[in-house]
1. Mind pulling the angle between the C-alpha long axis of helix 279-292 and the longest principal axis of the chain? Nearest 10 degrees, somewhere in 0 to 90.
2. Taking the chain as a Gaussian network, Cα atoms linked when under 10 Å apart, which of L241, L193, L84 shows the biggest mean-square fluctuation?
3. Quick one: pull the percent of accessible area on region 128-203 belonging to carbon and sulfur, 1.4 Å probe, ligands and nucleic acids left out.
4. Please give me the summed charge of the neighbours of T144: other residues whose Cβ is under 13 Å from its Cβ, Lys and Arg +1, Asp and Glu -1.
5. Dipole of region 26-173 (Lys/Arg Cβ +1, Asp/Glu Cβ -1, origin at the Cα centre): which of Y111, H85, A122 lies farthest to the positive side?
6. Would you compute, from DSSP H runs of 4+ residues alone, the mean residue ellipticity of the chain at 222 nm, taking -39500 (n - 2.57) per run and dividing by the full residue count, rounded to the nearest 500?
7. Round to the nearest 10 and give me the degree value, 0 to 90, for the angle of helix 212-226's Cα axis relative to the longest principal axis of the chain.
8. What accessible area per residue, rounded to a whole number of Å², is obtained for region 130-199 using a probe radius of 1.4 Å?
Amino acid sequence: MDMQPMVELWRGGRLESQHAGHAVIWGEGGMVEAWGNPAAIIYPRSSCKMIQALPLVESGAADAAGLSDRHLALSCASHEGAALHVEATGRWLAGLGLSESDLRCGAHEPYDRDERLRLIRAEEKPCQLHNNCSGKHCGFLTMTRHMKADPEYVELDHPLQRAIRQVTEEVCQETVAGHGIDGCSAPNFATSLAGLARAMQSFAAARDTGDARQRAMARLRDAMATHPEMVAGEGRACTELMRAMGGRVAIKTGAEAVFVAMIPEQRLGLALKIADGGTRASEAAVVALLVRLGVLEAGHPMAQKRLPGVQRNWRGLETGELRLATGFA
C-alpha cells in the first residue's frame, strides 16, 4: 500500500508541498483505522521510550531505587535540558552513587533558551545532563546497577539491551526488523507501524491491578500524563498537548516525525510516521487524529497552534494555507 498524503501546503492556489506517511489506530479487537501502509517498517526513535523503560519498572529496579513517578516520566522524556531536567537527572545519578560521566548519551546544547543563555553567560559548556535523552539513560543506569551488569549499557549485546529487544518484540507482537543506533547512542529497534500501535494499545489498556507487566505499563503511561513537563518542556508539543487533554492521554514524539499516543478511556493505541521527517506535519497529523478521536478539542489553543491553517509572513500578510490532505483524518 502506498503512503497516504496527510498534510499539504498551498500557496497562490497551487500545491507547493505535500507530507505523506502512515498511521494506525489499534483497539482491543485489532486495527480500527489505518492510512498508508500499516506494515511499513520504521525506527520508532524516541517514541518508544516507554517500551525501553519497561524492564526498569517491571523488574522492580525502579522501586528498589526509590524512583517516583516524576522519575519515570523523565525516563520516557525527550526533554529540553531546562534547569528542572538538569537538576532532576543530576540528583537521580547522585542517588545512585553515580555521576554525569557514567552516562553514555553524549552532550549537546540544551534546547531550553534560559539554560542555554545561562551556560553562555557563565562561559560553561553543556554536559550530558543537557542531552534530551539523559532521563532515559538515568533509567538505563538504574537498571544496569540492579542487574549488576557492565557499565557500557548501550552496547547491543548488553543484558539491558537484550531485555529491551525482548520486551519490544513482546509488546509489538512481532520480531524486530533489525536495529539502528539512535542519536543518544542506544540501539533503536525497527518495528512496523501496526506493531508500534499494538504496543501503544497495550499501554492504553493496562491497569494497575493487573500482573507485573500491566502494572509497569500503567505506571509509565500515567507518569507521563501526570508529569508532562518532565516528558518534553515548555513550548513543546508533547507537554502542551498532554496538558490540553488534562492527563487523559499520554503522547510521545520521536525524531524523524514519529508520534504515538495511548488513550486509556478508549483503550486505543496510535502510531504515526511522516515519511519525510517533517515535524510540522507530524504535529498537525497527530493533533488531527486526537481531535478525530474526541480526546482533544479542536478549538483549544494548543491544538490550534499545530492544526493546519492560514500561513502568514513576518509582515502579517497571508501567504498560503496548511491543509489536511483529502482522505486523511
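The values are calculated or read from the model by the stated rules, or taken from the named source; none is laboratory data. Keep in mind the model is a prediction, meaning the values are calculated, not measured. Neighbour counts are summed over all protein chains in view; Cβ atoms, including those assigned to glycine, are modelled from backbone coordinates with ideal geometry. For the accessible areas, the whole protein counts, side chains as well, though only heavy atoms, and no ligand, DNA or RNA atoms are used. Shrake-Rupley method; radii C 1.70, N 1.55, O 1.52, S 1.80 Å.
1. 80 degrees
2. Of L241, L193, L84, the Gaussian network model singles out L84 as fluctuating most.
3. On region 128-203, the fraction of accessible area on carbon and sulfur atoms equals 48 percent.
4. Around T144, the charge tally is +1.
5. Looking along the dipole axis, the top candidate is A122.
6. Working: 14 runs with 129 residues, N = 329.
When only DSSP H runs of four or more count, the value is -11000 deg cm²/dmol.
7. That helix lies at roughly 60 degrees to the long axis.
8. That works out to 35 Å² per residue.
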